[in-house]
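Scroll down for the structure; my scribbles are underneath it.
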Amino acid sequence: MRFRHVSRSWKGKSVTQRDRDYYHALSKSWQAFSVVRDQNARWMLEAQYDKAKNGLVNQGRERFKHAMDVVNEWKEHEKE
């Protein structure tokens, strides 16, 4: 997933510094997840299924959850 640069407005809404901060936090979290996802894909292609399973169960889920936590927090602040 690629994120586009956050502009000053989006569909007529101004983008706050808080939005930019959350956007960058999400980008960083998603990149960390992507590293694990790509490593797991390599292990699957190399038939190292146990490594891939352990990587997914441990790091993959943890990093994906962190990215979703950033999104949820961002959305909660949006309601304020």
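The values are calculated or read from the model by the stated rules, or taken from the named source; none is laboratory data. Being a predicted model, the structure only gives us computed values, none of them experimental. Glycine gets a Cβ as well: all are built from the backbone with ideal geometry, and neighbour counts include every protein chain shown.
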Q.
Here is a check on your reading of the model: is Val70 part of a helix (DSSP H, G or I) and surrounded by 15 or more Cβ atoms within 10 Å (Cβ to Cβ)?
A. yes
Q: Identify the single condition in (1) at pLDDT 95 or above; (2) exposed (fewer than 10 other Cβ atoms within 10 Å of the Cβ) that Ser9 does not satisfy, given that it satisfies every other one.
A: (1)
